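Following: one structure in structure tokens, then a few remarks.
The values are calculated or read from the model by the stated rules, or taken from the named source; none is laboratory data. Source: prediction; values computed, not measured. FYI the Cβ positions are ideal-geometry reconstructions off the backbone, even for glycines, and counts take in every protein chain you see.
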Amino acid sequence: MPRLPDLRTLAGLGLVVVAAFSYGTTASLARLAYDGGSDPQTVALARFAVGAAATLAVIAVVGGGFRPTRGLVAAGLGIGAVYAVQSASYLTAVDLIPVGVTVLIFFTFPGMVAILVRFVDGTPVTPVKIVGLLGAFAGVALTIGAAPRDLAPLGMGLALAAAAAVAVFIVYGGRIARRIGALGFAALSYLGAFAAYGAWTAATGTVTLPVTGVGWVGLIGASLLFTVGILSFFAALTMIDTLRATILSNTEPLFAIAAAWLLLGEAMTPIQLAGTAVVLGAVLLPSFAGDAPRPVPARLPAEQPTAAEAREP
């Protein structure tokens, strides 16, 4: 008989849903910013800047003994740069091929995560999780209802590159988050992403701020919700295993479609509703089918400091 998850697991699953809602809603808010005169590069730069400032402010207020080793700082900043590459690839792909096709290709990342966690973390990919992955991807395909024609190869390649980058970000970022906490990891990754994206923006000289009130609401709202999303997701990774969290993150397109309906007036088709039902069933299957993962500690054992780090005050 299937057993219900414990409270810690339920909390982790809930945080993933919060993250999926936040990420999904940012797409429509970003569209409001674009319609108000901004552009994708400015929106991405703003969300990294707001995220870095917000997480550093929270750390300053709540404390928490955030003192990672220099190796972890470098890793956190590096993984943030990977996330900046993901954003650049994804936003450029949206300009080259239809949004629906971009999302469909991008959501191949759960399968990439499944492969990575098998070899990096040793997390078993059980038959139930395989069914969940395949079912969720099928549901996303139905939900998006993409009918591609004359697709630009560069756009498809960039969408696939974005999927690979986010898979690396999730797997290796989760390992760092378990060592220094979700707040510390978010701060480092935001700083790394902001530095990389800021350098690109400085080189291209393109910052386009909104010229309407609604555009500013979209820019600020997208930046704040993006921050909530990353904090929630990596807090969840201290409670549940990476693959289970990634499967549940397939609910993001559902929130994206709902937000587009509410904020932009885009209608949902019967096929999209059917896809929604398939995704929900697929993402809930691993959580309620007795497919218990090995426990995830709140923090991994601390790294052994180098000789130079041991001498630091």
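Quick check, is residue 218 modelled with pLDDT of 80 or more and farther than 16 Å from residue 21 by Cβ? The answer is yes for residue 218. Figure legend. Inter-residue proximity from region 178-207: first residues over 27 Å from residue 59 (Cα atoms), second residues not in a helix (DSSP H, G or I), beta-carbon distance below 8 Å, spacing 6+ or different chains. Indicated pairs: 201/207; 206/39. When residue 106 is tested against the conditions (1) farther than 27 Å from residue 199 by Cβ; (2) modelled with pLDDT of 70 or more; (3) not hydroxyl-bearing (Ser, Thr, Tyr), the lone failure is (1).
Filtering 53, 57, 44, 49 for residues that are modelled with pLDDT of 80 or more, under 17 Å from residue 199 (Cβ atoms) and surrounded by fewer than 18 Cβ atoms within 10 Å (Cβ to Cβ) leaves a single hit, 49. Screening the candidates 23, 83, 90 for the property of being modelled with pLDDT under 85, closer than 18 Å to residue 223 by Cβ, touching a Phe, Trp or Tyr at 6+ places or on another chain (Cβ under 6 Å) and crowded, with 17+ Cβ neighbours inside 10 Å yields one hit, 83.
Matching residues to (1) surrounded by 24 or more Cβ atoms within 10 Å (Cβ to Cβ); (2) modelled with pLDDT of 85 or more; (3) in contact with a helix residue (DSSP H, G or I) (Cβ under 6 Å, 6 or more places away or on another chain):
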residue: 142; (1), (2), (3): no, no, yes
residue: 152; (1), (2), (3): no, no, yes
residue: 155; (1), (2), (3): no, no, yes
residue: 160; (1), (2), (3): no, no, yes
residue: 166; (1), (2), (3): yes, yes, yes
residue: 189; (1), (2), (3): yes, yes, yes
residue: 194; (1), (2), (3): yes, yes, yes
residue: 202; (1), (2), (3): no, no, no
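Every condition in (1) at pLDDT 75 or above; (2) in a loop (DSSP other than H, G, I, E, B); (3) surrounded by fewer than 16 Cβ atoms within 10 Å (Cβ to Cβ) is met by residue 299 except one, and the failing one is (1). Can you pull out every residue in region 1-15 that is buried (at least 19 other Cβ atoms within 10 Å of the Cβ), of a type in the set (A, V, I, L, M, F, W, C) and modelled with pLDDT under 90? Of everything in region 1-15, just one residue is buried (at least 19 other Cβ atoms within 10 Å of the Cβ), of a type in the set (A, V, I, L, M, F, W, C) and modelled with pLDDT under 90, namely 13.
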